[in-house]
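Have a look at the structure below, then the notes.
The values are calculated or read from the model by the stated rules, or taken from the named source; none is laboratory data. In this text the structure is predicted, and so the values were computed from the model without any measurement. Using ideal geometry, Cβ is built from the backbone for each residue, glycine included, and neighbour counts are taken over all protein chains shown.
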Amino acid sequence: MGFDFELILTIAFLVTGGFWLYDRIAFLPKRKAILAEMPEDVRTALGKNEAQLLAKTPKYVAEVKSYFVIIAVIFFLRSFVVEPFQIPSGSMLPTLKIGDFILVNKFDYGIRLPVLNTKIIETTEPKRGDVVVFKYPRDPSLNYIKRLVGLPGDVVSYHNKMLTVNGQQVSKDLLAELPTSLNPNQEPVRVFKEDLGSKQHEIYNSYYQNPLEGDWVVPEGHYFVMGDNRDNSADSRVWGFVPEANLKGRAFYVWLHWNNFLSVPSFKNNGLIE
């Protein structure tokens, strides 16, 4: 089970919001009445903390509800606008490096309820070539990131390291042959520029023959995703399609790179995600 920060943040929002509402209903009117009866010089001299406790407001109520505004701002930004993620694996190399911190657009694929991920407002549809974050179909507590290569109804084929969508071979041009790659085992790879129509991006192909080959028809309401590190990615070729309800958003920006706690954070990879 993954660490579900979204659930924890939602609970914190509801708890602090409940205390804020309780204070507004039970104690705020009393404070206003007491303040109104005070001489102006006494009222002015009161500190914020003292004013909060005038109506015998329990200290724990004042303390908890004081965090509500901060948590509410974080909750709404993270739930409906943009959410940060860290890249834990090399499945999206060379596009995304292990340790990259990325930003994900939360409203591109519809406004969704936090935790439940239920869409409540339609916005735009996913596009072939998008880098998408989604709940892993086999364990929705985990977030995965891959490139969307197959839309509902598409026929996707992958043979001899060539991707075909609806009978059209996806073009790729050789950019370099690297004797040492960014893969954890530093294996040699070929780097290609792949063109999915709306997006051009780089991919890795290893020299060995990949057994992850086959043909798939994408069902309605589902998507077919692959890692850019084509021979080192467990994706739709392994565990199947991504339901539309599992989509969380589109990754669009790398804002920090931090390999591990003992390394120095770097901004050298900053930029838009192709």
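One line per residue, one yes/no per condition, for (1) touching a helix residue (DSSP H, G or I) at 6+ places or on another chain (Cβ under 7 Å); (2) at pLDDT 85 or above; (3) loosely packed, with under 12 Cβ neighbours inside 10 Å; (4) not hydrophobic (A, V, I, L, M, F, W, C):
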residue	(1), (2), (3), (4)
Asp4	no, no, no, yes
Ile8	no, yes, yes, no
Ala12	yes, yes, no, no
Glu37	no, yes, yes, yes
Val42	no, no, yes, no
Leu46	no, no, no, no
Gln52	yes, no, no, yes
Pro58	no, yes, no, yes
Val61	yes, yes, no, no
Kindly indicate whether Leu93 is outside any helix (DSSP H, G or I), hydrophobic (A, V, I, L, M, F, W, C) and more than 19 Å from the chain's Cα centre (by Cα).
no
Do we have Leu175 as touching an Asp or Glu at 6+ places or on another chain (Cβ under 8 Å), of a type in the set (A, V, I, L, M) and not in a strand (DSSP E or B) here?
no
If we scan the range 208-223, do we find a residue that is in contact with a Gly (Cβ under 6 Å, 6 or more places away or on another chain), surrounded by 13 or more Cβ atoms within 10 Å (Cβ to Cβ) and among the charged types (D, E, K, R)?
no
Being over 25 Å from Pro114 (Cβ atoms) and either surrounded by 12 or more Cβ atoms within 10 Å (Cβ to Cβ) or small (Gly, Ala, Ser) (or both) is the filter here; which residues of the range 14-31 pass it?
Ala26, Phe27, Leu28, Lys30, Arg31
Based on what the data block shows, is Val254 of a type in the set (Val, Ile, Thr), in a loop (DSSP other than H, G, I, E, B) and under 27 Å from the mean Cα position of the chain (by Cα)?
no
In the range 229-268, what residues are among the acidic types (Asp, Glu) and over 28 Å from Ser79 (Cβ atoms)?
Asp231
What residue, of Phe68, Phe76, is more than 13 Å from the chain's Cα centre (by Cα), more than 30 Å from Asp195 (Cβ to Cβ) and buried (at least 17 other Cβ atoms within 10 Å of the Cβ)?
Phe68
What about Gly129, is it at positive phi and under 21 Å from the mean Cα position of the chain (by Cα)?
yes
Pairs needed: first member in the range 226-243, in contact (Cβ under 8 Å) with a residue 12 or more places away in the chain; second member anywhere, part of a loop (DSSP other than H, G, I, E, B) and of a type in the set (Asp, Glu); C-beta distance under 8 Å; at least 6 residues apart or different chains.
Met226/Asp235; Gly227/Asp235; Arg237/Glu213
